Amino acid sequence: MEKTIKDGIICVFDILGYKNFLQNNSIYECAENIKNIITKIPEEVENQIAELFNNLIDKTLKEKTEIFLKNNFHHINVSDSILLVFDLSDIMEDRDYFTFYAFMYARFFHEISFKKGFPMRGCIDIGSFYSYNNIFAGNTIVNSFQESENMNISGLIISENAIKIIEEKGGTNSKRFIELWVSKYIIPLKNNVEGYKNLIEWGFNLIKNENTDVKQVVFESFHAHKKEVNLSVMEKINNTEKILRFFIMKYRK
């Protein structure tokens, strides 16, 4: 089906170490992991959000969420790139809720994939884009891809454009998400530079108590599924650990 999505939320993820994962596993092992882990992350995300929202939304909104996921959500997996697309073009009623839902979905997706041994980096943006079956194009996608690819950590950010739109037009729930879960923080980028980005906080479900070895948690995710840790990967591990420690410090305050 061909469609121009005039107003939507998109999140582009890049799986870190994917090439190494393919090289170090047989084709059957790769297929097994992709089929039983990566492709099943959306189902796990939806179940966790449903559990979290169980006592927060009524039956009608739960039914609307099921319809929204069926008709207005697309999950595209192409090699090491994953696109989460939320079409809000025709959503007038409960628009703020579905914006909030999309943000939460991307946040859970990143955290669950990390826990499963597939650390990712990603960026959320808001805008228009073109779709034809599983083909997507547009500046919003390009911007999300470039922002994501430039990060030298496993993490999830939200673009300045998206922040501005939420500040100007967002409702209570989407603004609350930004207030509670987004921190403006300087992060390592490629080519040994740094930049302030709108980081979405995550990882609290992975760090169970104060005695948890944060670096080991990060190391195991990057090393999972026979992935190797070279100097370049070690940089991402160290950078990701520092970001997680920042989130923990902020949360415990």
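Bear in mind that the values in this text are calculations on the coordinates, not laboratory data. Model, not experiment: these values are computed from the prediction. Here Cβ is always computed from backbone atoms with ideal geometry, including for glycine, and neighbour counts include all displayed protein chains.
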Item checked: Cα-based helix-to-principal-axis angle, 59-71 vs the chain, degrees rounded to 10 -> 70
Next item on the list: Can you tell me the dipole magnitude for the stretch 2-252 around its Cα centre, using point charges on the Cβ only (Lys, Arg +1; Asp, Glu -1), in Debye to the nearest 20?
Entry: 480
Next item on the list: Could you go through the stretch 219-225 in sequence order and give the Karplus-derived ³J(HN,Hα) for each residue, using 6.51 cos²θ - 1.76 cosθ + 1.60 with θ = phi - 60°, rounded to whole Hz, and x for Gly and Pro?
Entry: 4, 5, 5, 5, 8, 4, 6
Check: Around ILE124, which amide H atoms from residues at least 5 apart in sequence, or from another chain, sit under 5 Å from its own amide H, with H modelled in the peptide plane?
Finding: ILE157, ILE158, SER159
Checklist line | Model label zone, GLU235; criterion: amide N under 16 Å from point 7 Å along Cα-to-beta-carbon; scope the stretch 1-38 | finding: 16-17
Notebook entry, point to check: Which lysines, on any chain, are close to LYS59 with Cα under 20 Å apart, when same-chain ones fewer than 8 places away are left out?
Noted result: LYS70
Next item on the list: Please return the longest stretch of the chain lacking exposed loop sites, where GluC sites (Glu not before Pro) count only if DSSP places them in a loop and at most 13 other Cβ atoms lie within 10 Å.
Entry: 94-209
Note to self: Suppose the chain between ASN133 and PHE53 were pulled fully straight at 0.36 nm per residue; how much longer would it get relative to their current alpha carbon spacing?
What the structure shows: 25.7 nm
Checklist line | Between helix 41-53 and the chain: long-axis angle, C-alpha atoms, 0 to 90°, nearest 10 | finding: 60
Check: Quick one, what does Rg over Rh come out to for the stretch 203-253 if you take C-alpha atoms and the Kirkwood Rh?
Finding: 1.00
Check: How many times 2.2 N^0.38 Å is the alpha carbon radius of gyration of the stretch 62-166?
Finding: 1.06
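Let a ≥ b ≥ c be the square roots of the eigenvalues of the Cα gyration tensor of the stretch 1-143; is it rounded (a/c under 1.5), or, if not, prolate (a/b larger than b/c) or oblate?
oblate
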Next item on the list: May I ask you to list the residues of the stretch 109-128 whose amide nitrogen lies under 16 Å from a point 7 Å from Cα along the Cα→beta-carbon direction of GLU44?
Entry: 109-121
Notebook entry, point to check: In whole angstrom, how long is each semi-axis of the equivalent ellipsoid of the stretch 2-252, when you take the square root of 5 times every eigenvalue of its Cα gyration tensor and sort them from largest down?
Noted result: 28, 21, 19
Notebook entry, point to check: Of ILE76, GLY195, ILE57, which is farthest on the positive side of the dipole of the chain, counting Cα position, with +1 on Lys and Arg Cβ, -1 on Asp and Glu Cβ, and the Cα centre as origin?
Noted result: GLY195
